[in-house]
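First up is the structure itself, then whatever we jot down about it.
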Amino acid sequence: MHRYIDTFFIILGVFVVSFVICGLLTAKFAVKLAISFAFSLVAVCVLAYLTRGGKRGNADYRSFVTYCLLSEESETAAMLKSAGFLSENAAPLDGFYVADGSAVYLHLKFSRPSADLIVSLYKKCRKNALSRLTVWCTSFERKSVAISCTLPGVEIKFRTLKPLYKSLRKKKLLDGKRLGASPRPSFRTLLPVILSTRNSYRFALAALTLYAFSLLTPLRIYYIVAATSTLVLAIVSRIYGEKI
């Protein structure tokens, strides 16, 4: 969702800058409007070219992650073995998959592995005389990584499911049918994301930008109206973003 918001503001910025520059070269409104739309269209084409293939790839990866989270842990472990990330001789032990003194822990949850969890896993590794630990997860926190670096005797690494996904895709081991496409979210679902507290800063920046451009163009009233509307969105997002 944030990608769409960023794209909108980039195109808006290209349009506004083009309109202002054209205003310095010609006084004809139709000419300025046509040139600005042309530059905006070029910006759309460039962005589409730069992000080609990325949308499908990201959607497939998110679908793959969801599949792993909903599947049995043993199935993800089997995929790790087929991709070469887990030894074929690895056997379950105290919540790990262990082979040759190395442990693999599958944190198949939407939440990130906490620092407390890492400490708990570290204690289990020391208890079972394991010198290396790899934590597979959807994402991880800097705090957890920082904590892991201070724990002696066990080398702890974090890996997301991205390398597994890329390896399986390269080896053509992904089954597209079982990785069902995610449904498109409705506008009601997206509204809290659009009007989130984080986006309030972007709306405010856009409002200030529009107001600044209103000082450079004869069409000041239109920019002020647009800036005011965007500022209202910023205020609504800031006040009610956590509640919507």
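Per-structure values
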{"quantity": "Spatial separation of Cα centroids for segment 146-162 and segment 198-239, in angstrom", "calculated": "45"}
{"quantity": "Convex hull per residue volume in Å³, alpha carbons only, for segment 112-168", "calculated": "75"}
{"quantity": "Cβ-Cβ FRET estimate between residue 225 and residue 191, R0 fixed at 22 Å, reported to 0.05", "calculated": "0.45"}
{"quantity": "Residues residue 172 and residue 99, FRET efficiency given R0 of 30 Å [Cβ-Cβ distance, rounded to 0.05]", "calculated": "0.70"}
{"quantity": "Set 109/171; 81/170; 124/157; 127/162 screened for pairs whose C-alpha atoms are more than 19 Å apart", "calculated": "109/171; 127/162"}
{"quantity": "Theoretical gain in end-to-end length, residue 109 to residue 139 [0.36 nm per residue, Cα-Cα removed]", "calculated": "9.8 nm"}
{"quantity": "Sequence of 155, 88 once ranked by neighbouring C-beta atoms within 10 Å, starting from the fewest", "calculated": "88, 155"}
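Every read-out reported here was derived from the displayed coordinates using simple, explicitly stated rules and does not represent laboratory data. Computed from a predicted structure; not experimentally measured. Glycine also receives a Cβ, built like all others from the backbone with ideal geometry; neighbour counts cover every protein chain displayed.
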